[in-house]
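Undergrad: Handing you a structure now.
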Amino acid sequence: MILVTGGAGFIGSNFVLDWVAETSEPVVNLDALTYAGNLRNLAALQGDARHVFVHGDICDRPLLDSLLSRYRPRAIVHFAAESHVDRSIHGPAAFVRTNVEGSFTLLEAARAHWSALPADEQGAFRFHHVSTDEVYGSLGPGDAAFTEDHPYQPNSPYSASKAASDHLVRAWHHTYGLPVLTTNCSNNYGPWHFPEKLIPLMIVNALAGKPLPVYGDGQNVRDWLYVKDHAAGIRAVLAAGRPGETYNIGGWNEKTNLEIVHTVCDLLDELRPDPAGPYRRLVTFVKDRPGHDRRYAIDARKIERELGWRPAETFETGIRKTVQWYLDHPDWVAEVQSGAYRQWLATQYAPGAGA
Ligand code: NAD
Ligand code: TYD
């Protein structure tokens, strides 16, 4: 089986659902259920013995040791993190704790577990670290997209904490020989995305007739990838990536924020027209984010060349599916907005389930 951390978050839950659908291998899912963790995302797996949920913290070394010795996973896929740049600006401490100290604690537990494995299991073991393109910093308009060799130039507390974890992962390979894989991915979007991030926030605000806050001039560029393509990319790297290597994952979809917001508005005009008028009327330019990176773009040729992965969705197909998903799941949105989703553990899982 594999051990996933952060599998109740946006990308982690999409990955777990994809994993269970695409493979026969069970998954142990360790998640602290911060505000970003939502077990409702995994409701389809209730009662499915292939998914074991464990409520716990990656900073808890005794818990990690007991999970590793009990389940003996052949791989760890590490998603758990604080992930929102705006939150990192207001409260960086949690980012250093989980992203740096938590990753360190997980690496140390993994190293102890891996060192004690028989030689054949040692060779097959993988520690897959899920990271971001934001570690590379900001590109100018004419700059080439980020390759795996791009210098690290993180600019936000979030990206600095992720860069630190990438460096720890690299060092644990070079110093101790731990068979690590790192993927640096661009901005994801899709189902179960917490509505503090750009795309889901614009959808839920528009449907509520609220302003659509666009930071600065709206010309910052991000490279968008449908989350299920990211899950498939991670599976490809876990299956055949070379230990010690990093792989950039991206969708070849550079868009300005304003283009994104306009696309969401236009799709909603088509799918759920508002009698009050086109949704674009709600676009509101607001004060810029401090230190706001101007442009991210991923060169994803290495993963395509070596592992044959390419995104299945174009931006047009992925964003349409995403907007439709939010329209089809008003209960999920309402529970997230009211905070009721935080009761899901108590109501749906027995205390200490799986631990
Ligand atoms: P998320 O914030 O939606 O989910 C994070 C999950 O980690 C939550 O379920 C949370 O409860 C859990 N968690 C937080 N602290 C924990 C701790 N101390 N112990 C155990 N669990 C903890 O994040 P996401 O968007 O799903 O991102 C997942 C990973 O992918 C992160 O490492 C992030 O840096 C990376 N990433 C995200 C994007 C993106 O666009 N969202 C892009 C590239 C890489
Ligand atoms: P976000 O989803 O927070 O991801 P990241 O900062 O990790 O790229 O933001 C995506 C882009 O959208 C980023 O340039 C900031 C911008 N943005 C807005 O303009 N308005 C918003 O309300 C939010 C949340 C983000």
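The values are calculated or read from the model by the stated rules, or taken from the named source; none is laboratory data. These figures come from a predicted structure and were not determined experimentally. Backbone-built Cβ (ideal geometry, glycine too); neighbour counts: all protein chains shown. Heavy atoms of the whole protein, side chains included, go into the accessibility calculation; ligands, DNA and RNA do not. Shrake-Rupley method; radii C 1.70, N 1.55, O 1.52, S 1.80 Å.
Undergrad: Rounded to the nearest 0.05, what FRET efficiency do Ala239 and Ala119 give with R0 = 25 Å and r taken as the Cβ-Cβ distance? Could you check?
TA: Numbers: r = 21 Å, r/R0 = 0.84.
That gives a FRET efficiency of 0.75.
Undergrad: Where the centre of each part is set by its Cα atoms, how far does region 132-182 sit from region 308-345, in angstrom?
TA: 28 Å
Undergrad: If amide hydrogens are placed 1.01 Å from N in the peptide plane, which non-local residues have theirs closer than 5 Å to the one on Val283?
TA: The answer is Leu212.
Undergrad: Please sort 42-48, 286-292 by packing, taking for each peptide the average over its residues of neighbouring beta carbons within 10 angstrom, highest first. If you can, show how the numbers build up before the last one.
TA: Working: 42-48: 14.0, 286-292: 11.9.
Per-residue mean Cβ counts within 10 Å order the peptides as 42-48, 286-292.
Undergrad: Okay, moving on. Find the Cα radius of gyration of region 183-271, compare it with 2.2 N^0.38 Å by division, and give the number to two decimals.
TA: On the way: Rg = 15.4 Å, N = 89, 2.2 N^0.38 = 12.1 Å.
Here the answer is 1.27, to two decimals.
Undergrad: Which of Asp274, Asp166, Asp293 moves the most in a Gaussian network model of the chain with Cα springs under 10 Å?
TA: Highest fluctuation among the options: Asp274.
Undergrad: Now for a different question. In region 285-325, which residues have a backbone nitrogen under 16 Å from the label point lying 7 Å from His84's Cα in the Cα-to-Cβ direction?
TA: Counting backbone N atoms under 16 Å from the label point, the list is 289-290.
Undergrad: Of Leu267, Ala239, Gly250, which is farthest along the charge dipole of region 229-272 in the positive direction, counting Lys and Arg as +1 and Asp and Glu as -1 at C-beta?
TA: Ala239
Undergrad: I've got another one for you. Treating the chain as a set of equal point scatterers at the Cα positions, no solvent, please give the Debye-formula log₁₀ I(q)/I(0) at q = 0.06, 0.14 Å⁻¹.
TA: -0.21, -1.20
Undergrad: Further question: May I ask you to give the percent of accessible area on region 89-160 that is carbon plus sulfur, with a probe radius of 1.4 Å?
TA: Values: 1730 of 3110 Å².
Taking all protein chains in place, region 89-160 shows 56 percent carbon and sulfur surface.
Undergrad: For region 63-109 and region 218-267, compute the distance between their C-alpha centroids and round to whole Å.
TA: If you average the Cα positions of each part, the centres end up 22 Å apart.
Undergrad: Taking only Cα atoms, what is the 0 to 90° angle, nearest 10, from helix 157-176's long axis to the longest principal axis of the chain?
TA: Between helix and principal axis, roughly 20 degrees.
Undergrad: Shifting gears a bit: Of the lysine pairs in the chain, how many meet both conditions: Cα atoms under 21 Å apart, and a spacing of 8 or more in sequence or different chains?
TA: Value for the chain: 12.
Undergrad: Against the longest alpha carbon principal axis of the chain, how many degrees, from 0 to 90 and to the nearest 10, is the axis of helix 61-71 turned?
TA: 70 degrees
Undergrad: Express the relative contact order of region 19-135 as a whole percentage, based on alpha carbon pairs under 8 Å and six or more residues apart in sequence.
TA: Values: 107 pairs, mean separation 31.7, N = 117.
Relative CO of region 19-135 lands at 27 percent.
Undergrad: Just to confirm the number: angle between the C-alpha axis of helix 227-240 and the first principal axis of the chain, 0 to 90 degrees, nearest 10?
TA: 20 degrees
Undergrad: Excluding ligands, DNA and RNA, what is the solvent-accessible area per residue of region 198-297 at a probe of 1.4 Å, expressed in Å²? Show your work: numbers first, answer last.
TA: Working: 3980 Å² over 100 residues.
Per residue, region 198-297 has 40 Å² of solvent-accessible surface.
Undergrad: Explain nothing, just the number: dipole magnitude of region 1-98 about its Cα centre with +1 on each Lys and Arg Cβ and -1 on each Asp and Glu Cβ, in debye rounded to the nearest 20.
TA: 180 debye
Undergrad: Starting from the Cα-Cα distance between Asp266 and Arg289, subtract it from 0.36 nm times their residue separation and give me the gain in nm to one decimal. It would help to have the intermediate numbers written out before the result.
TA: Working: separation 23, 0.36 × 23 = 8.28 nm, distance 2.54 nm.
So the chain would gain 5.7 nm between Asp266 and Arg289.
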